């Protein structure tokens, strides 16, 4: 499997800053897919089931070979930090006790709550997590599985793909969603892509839970599941295409992993509140793949903060901390 470096952003000179994942949303009429598309979706389901079986088998092998490490990794670290699913790449885990203490000191200085999840690229890889905040509304990060589903279903227009991923344009993402049939039909197609990339738990939200915001953007997505998805995107043609677009994100949205000065492919999401009923505060998150010393590492970041500007600054601080506390030798080889 070849892991391509993200292309330099040259053709996109957009200075667009989308202030909310729900801005300028429109509903497009649902479209009934052709029988051939339904057949392709069923074939994708079969492939996803096979990938899930491979994932479970890999996890069972890991647990059987390192029972003491797994038990140790499930013990919470200082001040709400924890590492799950065992060590990543080396004995003792990707984050040392000193790293955890350093992270907790950083989190104390940042406004709001934070969380980090990391994983080597591939299916069935181990995940390490730090921080107090471990899940929240997906916002525009959910555009990645929607775009993958549109590619697999043969209904994606190139302009919509680029605008939805590289510029996080809601109208373009809604067109992809409508082309998939919208509602439950589109949600199921996007969920198939989550499964194919290794997220065995999350289901894409089919309904608008908040007026003025996308249905898929309201998906509840844990950091652990999101980093598994980001890690597995490289294992399919559709995922590779979306990763390429994630490497071309517009300059105004290159915070977080884009602030590390390392090769990075990223997709951010942002909007008000942590849960559908929340009226105050802001939730910012980002997932992607960053290359450290020629080794790709999947990273998912999340923070709740008073406003979007503070949230993106938090994510940049988290990304810089993560990439300076992980060495290439700690990252396991990619495996699809």
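Worth a mention:
- One residue stands out among those in the stretch 255-275 that are assigned to a loop (DSSP other than H, G, I, E, B) and touching a residue at least 24 places away in the same chain (Cβ under 8 Å): the one that is surrounded by the most Cβ atoms within 10 Å (Cβ to Cβ), which is 255.
- Any chance residue 144 is in contact with a helix residue (DSSP H, G or I) (Cβ under 7 Å, 6 or more places away or on another chain), modelled with pLDDT of 60 or more and assigned to a helix (DSSP H, G or I): yes
- Test for residue 185: is it surrounded by fewer than 24 Cβ atoms within 10 Å (Cβ to Cβ) and in a helix (DSSP H, G or I): yes
- All of 145, 120 fail the test of being touching a strand residue (DSSP E or B) at 6+ places or on another chain (Cβ under 7 Å) and closer than 24 Å to residue 235 by Cα, apart from 120.
- Residue match in the stretch 229-246 (condition: modelled with pLDDT under 95 and over 12 Å from the mean Cα position of the chain (by Cα)): no
- Summed over the stretch 284-311, residues that are in contact with a helix residue (DSSP H, G or I) (Cβ under 7 Å, 6 or more places away or on another chain) and buried (at least 24 other Cβ atoms within 10 Å of the Cβ) total 13.
- As a summary of the residue check, residue 216 satisfies the conditions (1) surrounded by fewer than 21 Cβ atoms within 10 Å (Cβ to Cβ); (2) in contact (Cβ under 8 Å) with a residue 40 or more places away in the chain; (3) within 27 Å of residue 114 (Cβ to Cβ) except for the one numbered (1).
- If you go through the stretch 147-164 and keep only what is assigned to a helix (DSSP H, G or I) and more than 23 Å from residue 271 (Cβ to Cβ), you end up with 151, 152, 158, 159.
The values are calculated or read from the model by the stated rules, or taken from the named source; none is laboratory data. Source: prediction; values computed, not measured. FYI the Cβ positions are ideal-geometry reconstructions off the backbone, even for glycines, and counts take in every protein chain you see.
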